[in-house]
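The structure appears below as structure tokens.
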């Protein structure tokens, strides 16, 4: 899952990006509204975390312009909990809002919820033969026993499972699993796929040579 | 008691008491006048009777003399015997009209008999009457009986001459003067008079029947007064209720108001009457309260909002750091970020406290002599490193300017204005700082070469937490309160601060401070002269 985080407070941006990366998300960052809007329009993100008060272009304006082109799920961070600000955010097409100061766990839960709602997936448990994936707890079971996965391995499994039956190209996977700083490490994906196969069975992820991967 | 707490009841009680006093006074006066009139008429009757008696006494003189007795008023009157005059009109008492005696006029307007001789005129011997020659007199008296009046006549020696008295005789009165004397004893009106020859006349009249209509009048007056009182009380109750109704409206509206809802206003029916004026005054007060509460609420909400960002940073930093074991360098980074956030909160809290102190005015400005230019030069020196970071240069034109004021607070305003000029300047810009003296005023101008501000932004630049660019987070060390604090300090010094800006060219702040008249935020008349 690849996210865009638009926040102008550097200390907040850094720690939030770090926490999200540790959750297994690929995180791109932007420090002002115009830069954020550029990135949001250029790349395919699974969700955007958008601060309301931004230099150059405020969060609501970013949202308004983004919605002309894209349906990317957006969570707004607002510093005011006045209902006027919430209504304004939701009216402009925000999928959810979180009021500062927030709890990280709450932000992550809301993030998972908007990503889930944006796809066809509405349940939090996916079962693929012997493998069961709990997207709320971000855990994977094989024959009822929990298999420890790294955040990146989990993200790979989750992304393929959500798009089950469809071919997911290497480019798409790179776009959604890795952020702008690590995309050049091209063999990283192969390492993760290989690791997942060791843990969940060789046939769990199918390779379509020259095209990409899929879970059938 | 409950009604002492109600204006309506108190009004009613006062109204009732006043009405009672007025009606009582009026009724008593009416009764009193009627009473006097009754007595006057009774007295007239008595005098009529007296005149008649005297006439009869004269007519029934001794047979030997054959001539009529002189009347009490004219002993020399030997003229024709009194003729029965036309019966004079009397207003009441359908008593037989007594024959008027023109000579001794003792009419109603003259209770004292006219020429009142104290004794017999000289040269005329008075012959005492005696013997039975008067026996026709009593018959005449009885024939002329006036109701409720009895006449008794004694001779000089105290023997009875004649009486119409039915019961036991009254005792012989001593020392009776010639002029009729009227005495009232209880229900009796008594006339005592002596004739020049020495007879004593006593006429008594029972007043019971005269006073009977008076009692009836008294009852009628009391009944009328009670009726008027009842009407007056009812009317007073209604009028008091009507005039107090707007008060009830005012109080019920006021009861609905609370700190959270000050938008409502009292309804004013007539703005010119007393209650209308009261409502107007209350409405004006509500307006001020409303504005002040709104400002206060916005200030608190802005302050909370400004605190949210550093708290969010601290929360996110610590939660992220604690998710797992980390190398020491990462913890260090988190702690540094937390420290920055905490510093920002500290600055904000200090600014808030400074504003609160300035607002409350309980810490008056100090009044010390210092040189504003020297203080400015020191600030420039302190801020040069910060300016250098942004490649901003200072240009100073400072005239030594000793003045009275609070050096700490004025230094703070200098620092605020200069830091602002640095932060909102363009890269490589300049700041012009000029201090000069003009007409007993210190004039300080700070001009930057930044982006400038729109007129809309200029209008609100001194508002708390106002920022020209609403969506921009404040640079480190800025709280959005600096200019508000600056303005409060300058106001407390009785100075003025103005701002001019040309978008794209720069902004100029001009501060004018009186050189001597430093006053506390709550000005006292003496404050200005004390310094001088």
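Any idea which residue in segment A:1-10 is farthest from the other protein chains (Cβ to nearest Cβ), counting only those that are surrounded by 20 or more Cβ atoms within 10 Å (Cβ to Cβ) and either modelled with pLDDT of 90 or more or over 29 Å from residue A:168 (Cβ atoms) (or both)?
Step one: filter segment A:1-10 for residues surrounded by 20 or more Cβ atoms within 10 Å (Cβ to Cβ), giving A:1-9.
Filter once more, so that each one left must be either modelled with pLDDT of 90 or more or over 29 Å from residue A:168 (Cβ atoms) (or both): A:3-9.
Numbers: A:3: 15, A:4: 17, A:5: 11, A:6: 12, A:7: 9, A:8: 5, A:9: 6 Å.
This residue is A:4.
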Looking at (1) within 12 Å of chain B (Cβ to nearest Cβ); (2) not in a loop (DSSP other than H, G, I, E, B), find the lone condition where residue A:101 falls short.
-> (2)
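Please go through segment B:442-453 and pick out each residue that is in a strand (DSSP E or B) and crowded, with 19+ Cβ neighbours inside 10 Å. Walk me through it before giving the result.
First pass over segment B:442-453, keeping only residues in a strand (DSSP E or B): B:442-448.
Matches in segment B:442-453: B:442, B:444, B:446, B:447, B:448.
Looking at residue B:282, is it more than 14 Å from chain A (Cβ to nearest Cβ), surrounded by 13 or more Cβ atoms within 10 Å (Cβ to Cβ) and within 25 Å of the chain's Cα centre (by Cα)?
Numbers: more than 14 Å from chain A (Cβ to nearest Cβ): yes; surrounded by 13 or more Cβ atoms within 10 Å (Cβ to Cβ): yes; within 25 Å of the chain's Cα centre (by Cα): yes.
It is true that residue B:282 is more than 14 Å from chain A (Cβ to nearest Cβ), surrounded by 13 or more Cβ atoms within 10 Å (Cβ to Cβ) and within 25 Å of the chain's Cα centre (by Cα).
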State yes or no: is residue A:142 buried (at least 17 other Cβ atoms within 10 Å of the Cβ), in contact with a strand residue (DSSP E or B) (Cβ under 9 Å, 6 or more places away or on another chain) and modelled with pLDDT of 85 or more?
-> no
Just give me the residues in segment A:183-207 being over 27 Å from residue A:146 (Cα atoms) and either in contact (Cβ under 8 Å) with a residue 24 or more places away in the chain or surrounded by 13 or more Cβ atoms within 10 Å (Cβ to Cβ) (or both), in sequence order.
-> A:183
Inside segment B:306-322, can you point out the residues that are without any contact (Cβ under 8 Å) to a residue 24 or more places away in the chain and facing chain A (nearest Cβ under 9 Å)?
-> B:308, B:312, B:315, B:316, B:318, B:319, B:320, B:321
Of the candidates A:40, A:19, the one satisfying the condition of being without any contact (Cβ under 8 Å) to a residue 40 or more places away in the chain and buried (at least 20 other Cβ atoms within 10 Å of the Cβ) is A:40
How about segment A:43-74: which of its residues are crowded, with 18+ Cβ neighbours inside 10 Å and under 14 Å from the mean Cα position of the chain (by Cα)?
-> A:45, A:46, A:47, A:48, A:49, A:50, A:72, A:73, A:74
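In contact with a strand residue (DSSP E or B) (Cβ under 9 Å, 6 or more places away or on another chain) and crowded, with 19+ Cβ neighbours inside 10 Å: is that true of residue A:77 in this structure? I'd like the intermediate steps shown before the answer.
Numbers: in contact with a strand residue (DSSP E or B) (Cβ under 9 Å, 6 or more places away or on another chain): yes; crowded, with 19+ Cβ neighbours inside 10 Å: yes.
Answer is yes for this residue.
Going by the structure shown, is residue B:95 touching a helix residue (DSSP H, G or I) at 6+ places or on another chain (Cβ under 9 Å), at pLDDT 80 or above and surrounded by 14 or more Cβ atoms within 10 Å (Cβ to Cβ)? Explain how you work it out, then say what you get.
Values: touching a helix residue (DSSP H, G or I) at 6+ places or on another chain (Cβ under 9 Å): yes; at pLDDT 80 or above: no; surrounded by 14 or more Cβ atoms within 10 Å (Cβ to Cβ): yes.
No, not satisfied.
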Any residue in segment B:410-434 that's touching a residue at least 60 places away in the same chain (Cβ under 8 Å) and in the same structural domain as residue B:509 (by TED's automatic domain parsing): show its pairings with residues that are in a helix (DSSP H, G or I) and surrounded by fewer than 17 Cβ atoms within 10 Å (Cβ to Cβ) at Cβ separation under 8 Å, as long as the two are six or more apart or on different chains.
-> B:419/B:386
How many residues does segment B:354-407 contain that are part of a helix (DSSP H, G or I), closer than 15 Å to residue B:425 by Cα and in contact with a helix residue (DSSP H, G or I) (Cβ under 6 Å, 6 or more places away or on another chain)?
-> 3
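Please tell me if residue A:112 is within 30 Å of residue B:338 (Cβ to Cβ) and within 14 Å of chain B (Cβ to nearest Cβ). Let's see the steps before the verdict.
Numbers: within 30 Å of residue B:338 (Cβ to Cβ): yes; within 14 Å of chain B (Cβ to nearest Cβ): no.
No; evaluated as a whole, the condition is false for this residue.
Quick check on residue B:365: is it farther than 30 Å from residue B:442 by Cβ and crowded, with 17+ Cβ neighbours inside 10 Å?
On the way: farther than 30 Å from residue B:442 by Cβ: no; crowded, with 17+ Cβ neighbours inside 10 Å: yes.
The answer is no for residue B:365.
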Any residue in segment B:323-340 that is loosely packed, with under 12 Cβ neighbours inside 10 Å and either away from chain A (no Cβ under 14 Å) or within 21 Å of residue A:5 (Cα to Cα) (or both)?
-> yes
Pick out the one residue from B:367, B:390, B:357 that is touching a strand residue (DSSP E or B) at 6+ places or on another chain (Cβ under 6 Å), away from chain A (no Cβ under 14 Å) and modelled with pLDDT under 90.
-> B:367
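The values are calculated or read from the model by the stated rules, or taken from the named source; none is laboratory data. Nothing here was measured: the structure is a model prediction, and the numbers come from that model. Glycine gets a Cβ as well: all are built from the backbone with ideal geometry, and neighbour counts include every protein chain shown.
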